[in-house]
Amino acid sequence: MAQYIFVTGGVLSSLGKGITSSSIATLLQHSGYNVSILKIDPYINVDPGTMSPLEHGEVFVTCDGAETDLDIGHYERFLNKDFHKTNNFTTGQVYMSVIENERKGKYLGKTIQIVPHIVDEIKARIRLAGEDRDFLVVELGGTVGDIEGMPYLEAMRQMKHELGSNQVISIHVTLIPLIRAAGELKTKPTQHSVQELRRIGISPQILVARCEKSLDKDLKRKLAMSCDVDDDSVIVAEDTESIYKCPLNFLDEGILIPIARHLKLEKLEPKMDNWNMLVKKIIAPKSHITIGFVGKYLSLKESYKSLIESLIHAGANTDIGVNIKWIDSEALIQEPSLLHNVDSILIPGGFGERGIEGKLNAIKYARVEGIPMLGICLGMQLSLIEFARNVLGLAEADSIEFNPHTKEPVVYLIEDFIDTQGNMQLRTHTSPMGGTMRLGEYECSLKEGSKLYEAYGRASLIKERHRHRYEANPAYRDLFEAHGMVISAQSNGLIEAIELSNHPWFVAVQFHPEFTSRLQRPNPIILEFVKHTLKHKK
Ligand code: GLN
């Protein structure tokens, strides 16, 4: 049976609970344990799939096709393994299950209530995520004191009561604000947050204190005293240059000592040498490159979280510091010079018509000028449109996403894929609002001799994750190929990747390589892109 580490947040959101949870899980994993991790989102949406990227940040996609919170991406990137649908759930899902069970008569005539029925459903889902693991780290979204978080805190309290204090610990991540005028660090908000937790019946054993500068011994002791934790259990989390440094900082702060004591474990000695070396390369790389990132959700960079991280991973493994030049696709139309002085161009995924013209201009510039270019999902669809318009001379070439009546639907919708009954070979999103999407991992075959084939170490079959509704139209395939475009990956007749034969490095893929990139195992395409960017710079 798993031992549970519950991570809650106090004072305010965005304190880095996801990174804290990932870091703790990483230290346990590197100590030789089998660790899993779960994110609970207390909002009512069934999943974040229908939320705007500007509202919620990136929607992460698991291999089994779940649209999840972006923290699941952090978990995979830190722990270097695949997580699944069961590693993230929301209040919407909990209520949906309970209501479905009620309709099926499963509660034998009882009145359905938050306690016990909702709380029991929450506990069952937590246990499921911890099945066959040594540890389950459970991160509760939101802040202690939120109304919507109450049933989850009650579930945590009950689990500790049922399993005993050797099986469950509670870690509270909180903020110690610096009042600049007085130069003072303030502990009162943390005291109040812990009091709120205790009112519900949870006494945290460890505090992770986020602050701008380090806490001295006296302040640590004061916090320990007022929040009733041991003196060694106030772990300071100062701002760092890289999120990947957090596990190392936690280790230095001694977080494993109280964890081992409370969970009755032998001394924990994680092997972090390789990790440490990668972090050093992130912080002080040998060379630097600048990638022009042409996007439209630039007011919330979290919308591109996995892609940003995947560039960092590629850089860490090649000793290259990746500097991103953010280029607003709409601004590009007035100011084409924004593309000058970049070493390569990256066109990420996206939805809807806004910003399309600017991205097409950027793709044309990369194609004509021989600048390394990577297109992802929408980036591939637009590469096809640009090529069709400017090389094949099909002036009306378009995606039916932007022009449903186009005469040249180079990117189109395959009717079979929009069946919401789930009785076809492709997995789709079944929310009527979310429409239908091709989601999760699919296998595709690579063309021998292509850049992609070389990038993946001459593998003929690879698996990558998808999240899109539209597809490249195979009716144009011969025409594209006759003009120098290489179809470098395909699956069941679908075009999954393209590249240009008479260009140093122009690659575009229908899937999202960034979802499978990890610090210790960068994605091969992103790695190759970063290497070619440096080559071009030189
Ligand atoms: N909007 C495009 C589609 O739905 C691309 C999606 C994406 O880039 N993730 O197919």
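The values are calculated or read from the model by the stated rules, or taken from the named source; none is laboratory data. This is a predicted model, so every value here is computed, not measured. Every residue, glycine among them, receives a Cβ derived from its backbone with ideal geometry; neighbour counts consider all protein chains shown. In case anyone asks, the SASA skips ligands and DNA or RNA and just uses the protein heavy atoms, side chains included. Shrake-Rupley method; radii C 1.70, N 1.55, O 1.52, S 1.80 Å.
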* With viscosity set to 1.002 mPa s and temperature to 20 °C, compute the Stokes-Einstein D of the range 219-339, Rh being the Kirkwood radius across alpha carbon pairs; µm²/s, no decimals. => 121
* How large is the accessible surface per residue of the range 157-282, computed with a 1.4 Å probe and reported in Å² as a whole number? -> 51
* Structure fact -> With the chain reduced to its Cα atoms and the Debye formula applied, log10 I(q)/I(0) at q = 0.06, 0.08, 0.11 1/Å amounts to -0.32, -0.57, -1.01
* For residue 537, list the aspartates and glutamates whose Cα falls under 17 Å from its own Cα; do not include residues on the same chain fewer than 8 positions away. => 319, 343, 369, 528
* Paired Rg and Dmax values of the range 289-391, which use every Cα atom, in angstrom -> 13.0, 39
* Can you tell me the order of 62-71, 232-241 when each peptide is scored by its average per-residue count of other Cβ atoms within 10 angstrom, highest first? => 62-71, 232-241
* Label-point separation, residue 400 to residue 240 (7 Å along Cα→Cβ), nm -> 4.9
* To do: Round to the nearest 0.05 the FRET efficiency obtained for residue 86 and residue 106 when R0 = 25 Å and r is the Cβ-Cβ distance.
  => 0.80
* Roughly what % of DSSP beta bridges within the chain run antiparallel, to the nearest 5? -> 35
* Asked: Based on the mean of other beta carbon atoms within 10 Å per residue, what is the order of 187-200, 506-519, most packed first?
  -> 506-519, 187-200
* Under Stokes-Einstein, with the Kirkwood radius over Cα pairs standing in for Rh, what whole-number D in µm²/s applies to the range 164-261 at 25 °C and 0.890 mPa s? -> 175
* One-quarter of the Cα convex hull surface for the range 87-183, in nm²? -> 9.1
* **Solvent-accessible area, 1.4 Å probe, carbon plus sulfur percent, for the range 175-277** => 48
* Does a label point 7 Å from the Cα of residue 501, set along Cα-to-beta-carbon, have any residues of the range 444-479 with amide nitrogen under 18 Å, and which are they? -> 446-454, 476-479
* Asked: Picking from 356, 165, 38, whose Cα lies most toward the positive end of the charge dipole for the chain (charges on Cβ: Lys, Arg +1; Asp, Glu -1)?
  -> 165
* Asked: What part of the accessible area of the range 23-69, given as a whole %, is carbon or sulfur when the probe is 1.4 angstrom?
  -> 51
* Bin all alpha-carbon pair distances of the range 73-143 at 5 Å intervals from 0 and give each bin's fraction as a whole percent. => 3, 13, 22, 22, 16, 11, 8, 4, 1, 0
